[in-house]
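Participant: Sharing a structure, written as structure tokens. Questions coming.
The values are calculated or read from the model by the stated rules, or taken from the named source; none is laboratory data. As the structure is a prediction and not an experimental result, all values here were calculated from the model. Cβ: placed from backbone, ideal geometry, glycine included. Neighbour counts: every protein chain shown.
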Amino acid sequence: MATTSKVANLNSLFNNVYDMAKFVLEEEVLMPRLVTRKTATGMAPRILSAYSQVTVGTIGEGSAAAFGTQVKTADGTITPVIATAAEQLTDELQATDPDGAANAVGIRLGRAMGRYIDEQIVDEFANFSASVGTAGSAQTVAHLAAAVAILNGARHTGPRYGVLHPFAYHDVATQNTGWTANPIASYGGDIFNEVMRQYFTGSFIGVNWFLSNAIGTGTAVWQGVFGPDAIIYDVRTDYALEMERQPSTRSWDFHAVHRFGKGVNRQASGVKVIGDASTPS
């Protein structure tokens, strides 16, 4: 009588084990942390408004100042949307991985919603009125510094954030043209070396820089340098994940829902930066 004594001889008797933990690479949610978050109940549009600037003048002794007229004007509308995604998990699939299948579905839905939020908010960069850079050209320190100068000229105070595609930021770090035709020769490398030293620290020219692949690629990509008040992330209902049993298909339905809006809040606090964001070689 033959004897089976090795694990290899028993493979045909074992159930298959499926490892479903290798998700698509996705970054952590970024943009909600950098912009202004507001909340409201219901799904009514949010009307943004702006007051006119107060005019100051001089008067003679004993005279009263004339009352100014404060004009509150409409400055935009944010219309909330219902963002959803759904996945179905069959009993058969769950039986192959009873500990991890449901968890994997929840993680995938959460990451997908986070990416969608980031993609929607970075789309607002294109709606800033001020712009720097050149379509089809590599991003340079000069372009980024110009964006900072525009914010300074608009009297923007407070923190400044810059969000670039990783490919565009790579161009900044490897540029051979910048404030002059040859910054290394003209400045002895000081400026360029400082950019290189801070390449992994994420802070230079008065801006905290972040990289996001939620920004698309191409030769004319809009990115942004802005303050937190430049964009509103308008939450109506927080992200929720609900499960529903479907006896007819012997499965669980997972539904992810998030109601929110987004829009430009303060034009003077944001500058769009256009440039190339193609895969480096």
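Participant: Read through the list (1) assigned to a helix (DSSP H, G or I); (2) in contact with a Leu (Cβ under 9 Å, 6 or more places away or on another chain), then give the number of the only condition that E87 fails.
Facilitator: Exception for E87: condition (1).
Participant: Still on this structure, please answer the following. Confirm whether Y233 is touching a residue at least 24 places away in the same chain (Cβ under 8 Å), touching a His at 6+ places or on another chain (Cβ under 7 Å) and in a strand (DSSP E or B).
Facilitator: Working: touching a residue at least 24 places away in the same chain (Cβ under 8 Å): yes; touching a His at 6+ places or on another chain (Cβ under 7 Å): no; in a strand (DSSP E or B): yes.
No: the conditions fail for Y233.
Participant: Scan segment 99-115 and give yes if some residue there is outside any helix (DSSP H, G or I) and of a type outside the set (F, W, Y), otherwise no.
Facilitator: Yes, segment 99-115 has at least one match.
Participant: Then there's this: Condition test on F167, is it within 25 Å of S278 (Cβ to Cβ) and at pLDDT 90 or above?
Facilitator: Working: within 25 Å of S278 (Cβ to Cβ): yes; at pLDDT 90 or above: yes.
Yes; evaluated as a whole, the condition is true for this residue.
Participant: Within segment 250-281, work out how many residues are over 20 Å from the mean Cα position of the chain (by Cα) and not in a strand (DSSP E or B).
Facilitator: 3
Participant: Okay, next question. Given the criteria modelled with pLDDT of 65 or more, under 18 Å from A138 (Cα atoms) and surrounded by 14 or more Cβ atoms within 10 Å (Cβ to Cβ), does G162 qualify?
Facilitator: Yes.
For (1) within 15 Å of the chain's Cα centre (by Cα); (2) surrounded by fewer than 21 Cβ atoms within 10 Å (Cβ to Cβ), each residue gets a yes or a no:
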{"residue": "F210", "(1), (2)": "yes, yes"}
{"residue": "A214", "(1), (2)": "yes, no"}
{"residue": "G218", "(1), (2)": "no, yes"}
{"residue": "I232", "(1), (2)": "yes, no"}
{"residue": "E244", "(1), (2)": "no, yes"}
{"residue": "S248", "(1), (2)": "no, yes"}
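Participant: Continuing with this model, one more query. Could you tell me whether G76 is part of a strand (DSSP E or B), surrounded by 14 or more Cβ atoms within 10 Å (Cβ to Cβ) and over 20 Å from the mean Cα position of the chain (by Cα)? Break it down stepwise before answering.
Facilitator: Values: part of a strand (DSSP E or B): yes; surrounded by 14 or more Cβ atoms within 10 Å (Cβ to Cβ): yes; over 20 Å from the mean Cα position of the chain (by Cα): yes.
Criteria met by G76.
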